[in-house]
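A.B. asks: Below you will find the structure I want to go over with you.
The values are calculated or read from the model by the stated rules, or taken from the named source; none is laboratory data. Just so we're clear, the structure is a prediction, and the values are computed from it rather than from any experiment. Neighbour counts run over all protein chains shown; Cβ positions are idealised from the backbone, glycine included.
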Amino acid sequence: MEPPEMINAGDLVLKRWEPEWSAELAAAVQESQPELQPFLPFATPEYGLAEAREFTERSVANWAAGTEFNYALFTTVGDLIGAVGLMTDRGPGVLEIGYWLRTPWAGRGRMTATVTVLVRVALSLEGVEGLMIRHHRDNHASAAVAAKTGFVETGRDGDDVIREFRG
């Protein structure tokens, strides 16, 4: 199973992460740190170029290994506005979708559009039988994206809500 390296999603483009985008990733995380930090442990005030480079290089390696398929999310004019990924660690045939959006771009339906397209792509991959999203119970923006894109709550794990795609 290997998803496409680039996915067009209307006025957005998902591209497989490349290390040369590390500086922009660090800037995006820093800009959005107050909103991301409560839900994403990596989003600390110390997150910088070294951490971003480690993430992008790990993303390249994990893509090659077939364990994670992480995308940078761009506008069609090239603004890096977030990230989305498919993780394979939930068991055979199940992919987990994770996502975050740069604060100035949030609340305008962009992540909903992104996840909608990614669901369609993921379900077309050989061997994929199910999709899930895990988000913190207090992350109302992630919950809204999940609900709008066809994911329903199927369980809880501590503070996390587990949602499965029901389309």
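A.B. asks: Given the conditions (1) closer than 25 Å to Ala43 by Cα; (2) part of a helix (DSSP H, G or I); (3) in contact with a strand residue (DSSP E or B) (Cβ under 7 Å, 6 or more places away or on another chain), report the number of the one that Gly98 does not fulfil.
C.D. replies: Gly98 satisfies all of (1) closer than 25 Å to Ala43 by Cα; (2) part of a helix (DSSP H, G or I); (3) in contact with a strand residue (DSSP E or B) (Cβ under 7 Å, 6 or more places away or on another chain) except (2).
A.B. asks: Sticking with this structure for a sec: Which of the residues belonging to segment 21-53 are part of a helix (DSSP H, G or I), without any contact (Cβ under 8 Å) to a residue 40 or more places away in the chain and either of a type in the set (S, T, N, Q) or within 12 Å of Trp100 (Cβ to Cβ) (or both)?
C.D. replies: Ser22, Val29, Gln30, Gln33
A.B. asks: Can you list residue pairs whose Cβ atoms sit under 8 Å apart, with the first residue in segment 132-150 being at positive phi and the second being crowded, with 17+ Cβ neighbours inside 10 Å? Count only pairs 6 or more apart in sequence or on different chains.
C.D. replies: Partner pairs satisfying both residue conditions: Gly150/Val119; Gly150/Phe165.
A.B. asks: Can you name the condition, by its number, that Glu18 falls short on among (1) at pLDDT 95 or above; (2) surrounded by 15 or more Cβ atoms within 10 Å (Cβ to Cβ); (3) within 30 Å of Leu125 (Cα to Cα)?
C.D. replies: Checking Glu18 against (1) at pLDDT 95 or above; (2) surrounded by 15 or more Cβ atoms within 10 Å (Cβ to Cβ); (3) within 30 Å of Leu125 (Cα to Cα), the one that fails is (2).
A.B. asks: Determine, yes or no, whether Glu153 is in a strand (DSSP E or B), without any contact (Cβ under 8 Å) to a residue 24 or more places away in the chain and in contact with a strand residue (DSSP E or B) (Cβ under 9 Å, 6 or more places away or on another chain).
C.D. replies: yes
A.B. asks: Okay, next question. For segment 58-72, enumerate the residues that are more than 17 Å from Glu96 (Cα to Cα) and either at pLDDT below 95 or under 16 Å from the mean Cα position of the chain (by Cα) (or both).
C.D. replies: Arg58, Val60 - these are the residues of segment 58-72 that are more than 17 Å from Glu96 (Cα to Cα) and either at pLDDT below 95 or under 16 Å from the mean Cα position of the chain (by Cα) (or both).
A.B. asks: State the number of residues belonging to segment 75-107 that are among the hydrophobic types (A, V, I, L, M, F, W, C) and buried (at least 20 other Cβ atoms within 10 Å of the Cβ).
C.D. replies: Count: 8.
A.B. asks: Pairs needed: first member in segment 60-84, farther than 18 Å from Glu20 by Cβ and free of Cβ contacts under 8 Å to residues at least 60 places away in the same chain; second member anywhere, surrounded by fewer than 20 Cβ atoms within 10 Å (Cβ to Cβ) and of a type in the set (Asp, Glu); C-beta distance under 8 Å; at least 6 residues apart or different chains.
C.D. replies: Within 8 Å, the pairs are Thr67/Asp89.
A.B. asks: How many residues does segment 109-128 hold that are in a loop (DSSP other than H, G, I, E, B) and of a type in the set (Val, Ile, Thr)?
C.D. replies: 1
A.B. asks: Show the residue pairs meeting these rules: Cβ distance below 8 Å; 6+ apart or different chains; first residue within segment 93-110 and closer than 14 Å to Phe74 by Cα and without any contact (Cβ under 8 Å) to a residue 40 or more places away in the chain; second residue surrounded by 16 or more Cβ atoms within 10 Å (Cβ to Cβ) and not acidic (Asp, Glu).
C.D. replies: Sorted first by the residue in segment 93-110, then by its partner, the pairs are Trp105/Ile81; Trp105/Gly82.
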